[in-house]
Structure formats: structure tokens, C-alpha cells
Amino acid sequence: MDCKTKLKPYDMIPIVSFFVLRGKCRSCREKISWQYPLIEFVTGLLFVFVAYYYHLGTTLVDPFAIRDLVFVCALIVIFVTDLKHFLIFDAVTIPLAIFAFGFNLYLYATSSNFWMICLYLIIAMVVGAGFFYLQYFLSKGKWIGFGDVKMGLMMGAMLSWPKILAALFVAYIVGALYGIIILILRKGKMKTQVPFGVFLSLATLITLFYGGQLLNWYLSYLNF
């Protein structure tokens with residue numbers, strides 16, 4: 001807050017503190033944005049989803065669940081910062097790319113296909129970053145920012161090959177639908193800036209849990 005008051009632990013209880021304080025700072029009474037309880041609520045829902053997805057009621061510790069909880073937190077940060085400020089911070093994407101690559105290798109360290117898994121991760125990172133770098137290079141930074149390139153690297157490390165393809169497909173479909181809706185409502189123009197990191201983070205989240213089903217559906221649709 002603007003008053004620079006150091007918050008007490010009881011003022012930082014997710015969701016609860018916001019309503020106890022009636023949406024205002026305890027010290028200066030300045031209004032607290034609704035974005036904070038909303039983000040806390042969504043984060044809580046996603047944590048519950050991860051717990052349900054991995055059946056954590058019967059398994060106390062699951063390294064895959066731990067990995068995905070870290071991924072969820074990072075994707076929420078990217079979603080919010082790009083939506084509000086049109087920025088994807090290196091402080092999020094670069095460490096997460098390193099974490100995702102290293103942790104995924106750790107998870108499959110004893111697998112007989114370890115080196116193939118390693119290769120797939122590298123391919124996905126190259127494809128993810130390369131896909132956006134090509135657009136950045138051809139447009140001289142007019143189509144996308146360089147943050148998207150690093151986002152692509154992170155997505156590849158998170159999703160591996162070939163799930164990165166599904167994520168890119170979903171992101172562009174959702175982004176295109178958003179652009180069409182904005183144009184129809186006449187709230188934007190063809191050159192209106194779009195927070196593409198929002199769609200990338202959303203697509204990555206969907207693909208993280210349902211990428212296999214998306215790929216199988218697409219291949220079956222093509223009768224492969």
C-alpha cells in the first residue's frame with residue numbers, strides 16, 4: 001500500500017483478510033484491489049484441482065504434483081503481469097525453464113528412456129523458443145516481444161515434445177477468438193496490442209494436464 005505499512009501475518013490470510021478488512025488497508029484505509037482475493041481464489045481452486053488430479057488424498061507426496069504446483073504458480077504470475085502490464089518477466093521464465101528442465105530429468109532419472117526424454121525436452125525448448133524467435137526476427141519485434149521467446153523456452157521445458165505443439169495450437173486458437181470478439185465489439189483495431197502471454201499461460205496450463213488427450217483427439221480427427 002502507499003502508506004508503506006508492514007503488513008502483519010493476520011492481514012495476509014488469503015481471501016479472509018480482504019473481507020475482514022472490508023477491502024481497505026488497516027492503516028491508511030486505502031481500497032485494496034479485488035484482484036488480490038480473486039487471484040488467491042483462482043490459485044486455491046487450481047491447487048485443489050492438482051490435488052484431485054494426482055489423488056493426493058491417498059498419496060501424501062507426489063513429485064509430479066509438486067512440479068505442477070510450481071508450474072501453476074508461475075503461470076498465474078505470467079497471466080496477471082502480462083494482462084496488466086504487457087510484460088513477461090525474465091525473473092519468472094528463465095528460472096522456471098531451468099527448474100522445469102532439471103526437475104523433469106530428475107523425475108525420469110531411472111527410466112530406461114531417460115536419454116530419449118532428455119532429447120524430447122531439448123527439442124520442445126528449441127521449437128518453443130524458435131517458433132517465437134522467428135516471428136520476433138521477421139517482424140523486428142513488432143508482432144511479439146522477446147519475452148514471448150523466453151516464454152516459449154519455458155513452455156517447452158514444462159511440456160516436452162510433442163505437447164508443446166498442442167499448447168501453441170491452443171494459444172493461437174484462443175488468441176484468435178479473443179481478437180475476433182474485440183473487433184466485433186469494436187473495442188479494438190487490427191493493430192491493437194494483445195497480451196499474448198495470457199493465452200500462452202492459459203494454453204500451457206490446459207496442455208499440462210490434457211495435452212495427451214488433445215493430441216490424440218487431433219490425430220484421430222485426421223484419421224492417423
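Values in this text are rule-based calculations from the coordinates and carry no lab data. Remember, predicted model here, so these are calculated numbers, not experimental data. Glycine gets a Cβ as well: all are built from the backbone with ideal geometry, and neighbour counts include every protein chain shown.
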Checklist outcome for this item: Full extension between ILE173 and TRP143 adds, at 0.36 nm per residue less the Cα distance, a length in nm of 9.2 nm
Next on the checklist: If R₀ is 30 angstrom, what is the calculated FRET efficiency for the pair LYS31 and LEU185, using the beta carbon separation as r and rounding to 0.05?
Outcome noted: 0.60
Checklist entry - Using r as the Cβ-Cβ distance of ASN216 and LYS6, and R0 as 41 Å, what FRET efficiency do you calculate, to the nearest 0.05? => result 0.20
Checklist outcome for this item: Over all viewing directions the Cα convex hull of region 35-221 casts an average projected area in nm² of 12.5
Item to check | Protection proxy ranking of 49-56, 149-156, 92-99, 111-118 - average other beta-carbon atoms within 10 Å, highest first | outcome: 149-156, 92-99, 49-56, 111-118
Item to check | Label-point gap, in nm, between TRP115 and VAL20 - each point 7 angstrom along Cα→Cβ | outcome: 5.7
Checklist entry - Relative contact order for region 35-221 using alpha-carbon pairs under 8 Å, separation at least 6, rounded to a whole percent? => result 23
